[in-house]
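*Asks:* Dropping the structure in here first, questions after.
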Amino acid sequence: MGRSPKKRGRDINGILVLDKPAGMSSNGALQHVKRMYNANKAGHTGNLDVPATGLLPICLGEATKVSAYLLDSSKTYRAKCRLGTTTTTGDADGEILVEKPVPDLSETDIRQACTKFTGDIEQVPPMYSALKQNGKRLYELAYKGVEVERKARKITIHRIDLLDYKNNEFEIEVFCTKGTYIRTLAEDIGNELTCGAHILSLRRLGAGPFHESQMVTQAQLQTVAEKGLEQLDKLLLPMDTALKDMPEVRLSEGVAYYLCQGQTVTASGLPKSGRLRIYDHSANFLGLGEVTEDGRVAPKRLINKLETPARG
């Protein structure tokens with residue numbers, strides 16, 4: 001007798017904007033949500049450090065097809081930092097490396113130091129990061145006491161706002177491109193102020209089109225889960241909310257049919273270039289397309305026609 005097919009879970013599609021708690025890995029949060037929804041497929045959109053909290057969009061089902069575009073989006077963080085101490089990890093979980101006296105600093109001094117790191121800059125990733133080198137995660141090497149040379153990477157920090165400064169601790173809000181390490185930024189600001197620094201707490205407030213007010217906490221998720229899957233599904237956002245920054249195009253029924261067969265089609269009102277959100281005449285989301293050199297629409301990442309949450 002052959003084996004019965006393994007149950008894969010539900011074909012549920014949408015995005016949960018999770019408020020990741022401190023002490024949980026991003027993958028741990030992902031697996032927890034996947035189990036709660038009994039989803040057949042799930043993916044998150046960029047790691048948050050285990051001690052960090054905040055916005056972690058989790059894509060279920062067909063929404064995993066748009067997760068890569070969230071990975072590339074800019075992020076907003078709030079960080080509380082302590083001057084005078086550097087640690088092995090750049091945050092409060094690490095061992096103390098160096099302690100230095102903190103100069104008599106004003107808020108103006110902190111702001112001036114922050115301005116040196118705004119705009120297009122280069123940043124050396126920390127050893128305690130998930131980047132790979134020769135097939136090994138840097139943090140795996142760091143935990144073994146091995147340090148390797150890392151190449152500086154170009155990033156853009158759009159703004160750094162000083163929110164508070166007292167008792168040798170400062171709090172900042174940072175709006176930056178992907179690939180920015182806030183722990184490294186805190187260390188760099190501390191070095192600019194001659195005394196070093198490390199992060200006490202880190203919270204992500206925004207990623208691409210998603211913002212703090214949309215987050216669902218673990219406690220809220222658990223409360224809703226007790227009411228059943230139907231209520232849980234109401235917490236999901238439609239997958240196209242991840243792409244709100246892209247222009248959209250609507251296609252007639254016939255044109256949409258040919259696009260869904262993989263063909264390049266003609267449409268009006270297109271931008272000169274770039275990617276598009278594509279909808280049919282009934283405003284159903286079809287997926288992603290790209291404007292071709294001759295001014296038509298080519299399919300790039302189409303979704304299967306399954307029901308998606310209607311919450312906006």
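Each reported figure results from applying straightforward, stated rules to the coordinates on display, with no laboratory input. Here the structure is a predicted model, which means the values were calculated and not measured. Note: ideal-geometry Cβ built from the backbone for every residue, glycine included; neighbour counts use all protein chains shown.
*Asks:* Which of the peptides 238-249, 181-192 is most tightly packed, and how do the rest follow, judged by the mean count of other Cβ atoms within 10 Å per residue?
*Replies:* In decreasing order of mean packing, 238-249, 181-192 become 181-192, 238-249.
*Asks:* Sticking with this structure for a sec: At 7 Å along the Cα-to-beta-carbon direction for both Asp294 and His211, put a label point, then send me their distance in nm to one decimal.
*Replies:* The answer from the label model is 4.3 nm.
*Asks:* Evaluate E = 1/(1 + (r/R0)^6) for Lys227 and Ser25, where r is the Cβ-Cβ distance and R0 equals 41 Å; express this FRET efficiency to the nearest 0.05.
*Replies:* 0.90
*Asks:* Still on this structure, please answer the following. Relative to the present Cα-Cα distance, how much length would full extension add between Glu147 and Leu97 at 0.36 nm per residue of separation?
*Replies:* Going from the current span to full extension adds 16.5 nm.
*Asks:* Turning to a different aspect of this structure: 7 Å from Cα along Cα→Cβ at both Glu248 and Arg137: what's the point-to-point distance in nm?
*Replies:* With each label point 7 Å from Cα toward Cβ, the separation is 3.8 nm.
*Asks:* Among Asn167, Leu70, Leu193, which residue has its Cα furthest toward the positive end of the charge dipole of segment 54-199, with +1 on Lys/Arg Cβ and -1 on Asp/Glu Cβ?
*Replies:* Ranked along the dipole, the leading option is Leu70.
*Asks:* What number comes out for the charge environment of Asn168, summing +1 per Lys or Arg and -1 per Asp or Glu over other residues with Cβ under 14 Å away?
*Replies:* Net charge in that neighbourhood comes out at -3.
*Asks:* Give me, ordered by chain and number, the residues 5 or more places off Gly196 or on other chains with an amide H under 5 Å from its own placed amide H.
*Replies:* Long-range HN contacts for Gly196: Gly84, Asn191.
*Asks:* Going by amide H atoms built from the backbone, whose H comes under 5 Å of the H on Thr217, apart from near neighbours?
*Replies:* The list, which skips near neighbours in sequence, is Asp19.
*Asks:* While we're looking at this one, here's another question. When we measure straight from the Cα of Lys136, which lysines land under 24 angstrom away, once same-chain ones fewer than 8 places off are left out?
*Replies:* Partners found: Lys144, Lys151, Lys154, Lys178.
*Asks:* What ranking of Ile157, Ile172 emerges when the number of other C-beta atoms within 10 Å of each C-beta is taken as an exposure proxy, fewest first?
*Replies:* Ranked by crowding around the Cβ, least crowded first: Ile157, Ile172.
*Asks:* Okay, next question. Cut-off under 16 Å on the C-alpha distance; same-chain residues fewer than 8 positions from Lys166 excluded. Which aspartates and glutamates are left, in chain and number order?
*Replies:* Once the sequence-local aspartates and glutamates are set aside, what remains near Lys166 is Asp104, Glu107, Asp109.
*Asks:* What does the highest-first list of 52-62, 261-271 look like by mean Cβ count within 10 Å?
*Replies:* 52-62, 261-271
*Asks:* Exceeding 31 Å between C-alpha atoms, which entries from my cross-link table qualify? They are Lys20/Lys272; Lys65/Lys116; Lys34/Lys132; Lys132/Lys272.
*Replies:* Distance filter (> 31 Å) returns Lys20/Lys272; Lys65/Lys116; Lys132/Lys272.
*Asks:* Please give the FRET efficiency for Ser201 paired with Asp11, using the beta carbon to beta carbon distance and R0 = 45 Å, rounded to the nearest 0.05.
*Replies:* Efficiency computed from Cβ-Cβ geometry: 0.75.
*Asks:* Sticking with this structure for a sec: Using the Karplus equation 6.51 cos²θ - 1.76 cosθ + 1.60 (θ = phi - 60°), what ³J(HN,Hα) coupling, rounded to whole Hz, does each residue of segment 86-102 give in order, writing x for Gly and Pro?
*Replies:* Per residue, the Karplus-derived 3J(HN,Hα) values read 10, 10, 5, 9, x, 9, 6, 7, x, 7, 5, 9, 9, 10, 10, x, 8 Hz.
*Asks:* A further question follows. What distance in nm lies between label points placed 7 Å from Cα along the C-beta direction at Ala283 and Gln220?
*Replies:* Modelled inter-label distance: 2.4 nm.
*Asks:* Using a 10 angstrom cutoff on alpha carbons, build the Gaussian network for the chain and name the most mobile of Arg35, Arg277, Arg159.
*Replies:* Ranking Arg35, Arg277, Arg159 by mean-square fluctuation puts Arg35 first.
*Asks:* Report the FRET efficiency, 1/(1 + (r/R0)^6), for Asp109 and Asp161, where r is their Cβ-Cβ distance and R0 is 22 Å, rounded to 0.05.
*Replies:* 0.90
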